[in-house]
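The numbers here are math on the coordinates, done by the rules we state, and not lab data. These figures come from a predicted structure and were not determined experimentally. Don't worry about glycine lacking a Cβ; one is built from the backbone with ideal geometry, like all the others, and counts go over all protein chains shown.
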Amino acid sequence: MKNNLPVQITWHPCKQSKVPVYQQIVNFVYKKISSGEWNAGTYLPAQRRMAEIFDVNRSTVVSAMEELASYGIVAGKGRMGTKIISDTWSLMLPNALDWEKYINAGVFRANKRIIRMINRFEFAPGIARISTGELDPRLFPTTMWSQVLQKVSKENFTFNYLEALGAPCLRRVIAARMQKRGMRVSAANILVTSGALQGLQLISVGLLKSNSVVYAETPGYLQSLRVFQSAGMKLRGVSMDKRGIEFWKLPANDIMKQKNKAFLYTIPTNHNPTGVTMSLSRRRELMEFCNKRQLPIIEDGAYEELCFNNIPQSLKSMDENNIVIYLGTVSKTLAPGLRVGWLVAPEPIVQRLGDVKMQMDYGTSSVSQLILLEFLNSGFYDEHIKEVKQELLIRRDNAIAVLKKYCADIASWNVPDGGFYIWMTFKNNIPIEKLFFAALQRKILFNPGKIYDLMSNNSLRVSYSYLSCREFAEAMKKFSEIIAELSIQHK
């Protein structure tokens, strides 16, 4: 009779270690196999039992087992536990290459553990994503898309590499759209990028020296990225109020010391993650402040076109001294998978970053550029934006009503004028990390506020863009029940 009894485990992860706990579990299993102690056919305890042994949340064990399964080392997760299916020779070789040393030596910093988990579980089946920064795929304009593809395929377009700065015809169209927003630009001021995020990457390696300082709103989107830190920059947070960034709290002496080595990054319209739109007076004051101190600005306009009313005047349209670099994208309005954005800047900067981009990827996808060009020229894009904003407004109003119904006693929040996000802050201390894993077990995924902040907070980002009104209501009802359960345990 085959022995399917699981192995006995007495090892415990070190929770004070800088190595994430799930990675310690992966390394532990790896070493047991490479030492010959555990062979193919060995059973590990059930995941729930391993969580008890390691004194961790079950989701941590799940993450570790999924990583091992992706390597082809383990399989199965039934009541008999997980089975080791490969003690592959590469693990057993005494002189096997230690890739971990290379991984840890890379200059590009890894995402925070919780962000990596969010990125992974966003693609898990049956997950209700109440924080996701994407449009609902069901809002994608499939009929328009088919017509655009037919038109593009019939035209005598080339699908070879395009110019490093982007297709000239697309740059002209984007420039014309920016001019309608009050920006004094031409095609020479436009660089087509592979999404707005690539614009940030290009700036980080093309314009800034190591040890430069990037000031950014906190809470803010930039806190959830490592793009500037990976390039050796220092990230410093600047607080916000209901009217936008509190720029006067920027240390004046520090700015002068960092002259030619500093930037201010801001999302003034439909801010991620708070949903705040900077007031017009605050924008003018900010521009005056930065002009006096010669502090250049990166203005992220990713959500600008998703205002429910009129689009506010951009910082770039107020820019008389060329201190603003503007980032735009269709990732939030049309399709994130299209990977097309643009950067608006003085021509020397466009040329410099175009050269850097050429070294990175040899140019944004020619197919994506030509598809976007046809969307813009045909009028489909503006028609689609109008429909999306109408639906988002319905979903925003529904989200506010749902929050009032289920969370009025436990949290407060803002009412955004556009975009995707509501910033929700609990009135009493909630163990956010425990809430994250408890919600994940109930198939609800959210983004804790601390990933957008330099310090821990008692908030989370809520998005109404991805789920239907009914789906959002069902998810928030369940979510409020989980919060109530945790609150009782926490007392």
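Annotation for Asp55 and Asn260: the two label points, set 7 Å from Cα along the Cα-Cβ direction, are 5.5 nm apart. Given the choices (1) 167; (2) 187; (3) 135, volume of the Cα convex hull per residue in Å³ derived from the coordinates of this structure is entry (2). Just the number, please: percent antiparallel of the DSSP beta bridges in segment 142-379, rounded to the nearest 5. Here the antiparallel bridges make up roughly 40 percent for segment 142-379.
Note on Ala40/Gln359: beta-carbon distance plugged into 1/(1 + (r/R0)^6) with R0 of 51 Å gives a FRET efficiency of 0.70. Fully extending the segment from Ile311 to Gln147, taken as 0.36 nm per residue of separation minus the present Cα-Cα distance, adds 56.2 nm. Provide the gained length on full extension for the span Met455 to Arg352, in nm with one decimal, where the gain is 0.36 nm per separating residue minus the Cα-Cα distance. Taking 0.36 nm per residue and subtracting the Cα distance, the gain is 33.6 nm. The amide H of Thr132, built 1.01 Å from its N in the peptide plane, has Ser463 as neighbours under 5 Å, considering only residues 5 or more places off or on other chains. Look at Asp355, Asp319, Asp300 and count the other Cβ atoms within 10 Å of each Cβ; fewest to most, that gives Asp355, Asp319, Asp300.
What shape does segment 142-379 take by its C-alpha gyration tensor, where a ≥ b ≥ c are the square roots of the eigenvalues and a/c under 1.5 counts as rounded, a/b above b/c as prolate, and the rest as oblate? Since a/c reaches 1.5 and a/b is larger than b/c, the shape of segment 142-379 is classed as prolate. Distance between the pseudo-spin-label points of Ala188 and Ser281 (7 Å out from Cα toward the beta carbon): 3.9 nm. The H on the amide N of Gly341, modeled in the peptide plane, is under 5 Å from the matching H of Thr193, Ser194, Gly195, each at least 5 residues off or on a different chain.
May I ask for the angle, rounded to the nearest 10°, between helix 347-361 and the longest principal axis of the chain, with both axes built from Cα atoms and the value confined to 0 to 90°? That works out to roughly 30 degrees. Listed from fewest to most Cβ neighbours within 10 Å, the set His384, His271, His12 follows the order His12, His384, His271. For segment 405-421, putting each phi into the Karplus relation 6.51 cos²θ - 1.76 cosθ + 1.60 with θ = phi - 60° gives couplings of 6, 9, 10, 4, 7, 10, 8, 10, 7, 9, 10, x, 8, x, x, 10, 10 Hz, in residue order, rounded to whole numbers and with x for Gly and Pro.
If you find the alpha carbon centre of segment 242-316 and of segment 125-186, how far apart are they in angstrom? Centre-to-centre distance over Cα atoms comes out at 26 Å. Neighbour counts of other Cβ atoms within 10 Å put Lys389, Lys18 in the fewest-to-most order Lys18, Lys389. Axis of helix 469-490 versus longest Cα principal axis of the chain: the two differ by about 50°, to the nearest ten degrees.
How far is helix 432-441 tilted, in degrees, relative to the longest principal axis of the Cα atoms in the chain, given as a value from 0 to 90 rounded to the nearest 10? For helix 432-441, the angle is close to 70 degrees. Of all lysines in the structure, the ones whose alpha carbon falls short of 16 Å from that of Lys15, not counting any fewer than 8 places away in one chain, are Lys112, Lys434.
Based on Cα contacts under 8 Å between residues 6+ apart, the chain shows a relative contact order of 18 percent. Is any residue of segment 308-326 close enough, with backbone N under 17 Å, to a label point placed 7 angstrom from the Cα of Glu288 along the Cα-Cβ axis, and if so, which? Answer for this model: 315, 318-321. Taking each of Lys242/Lys316; Lys257/Lys357; Lys261/Lys357; Lys405/Lys478; Lys316/Lys357; Lys389/Lys450 in turn, the alpha-carbon distance tops 19 angstrom for Lys242/Lys316; Lys257/Lys357; Lys261/Lys357; Lys316/Lys357; Lys389/Lys450. Label-to-label distance, Asn119 versus Phe140, with points set 7 angstrom from Cα along the beta-carbon direction: 2.1 nm.
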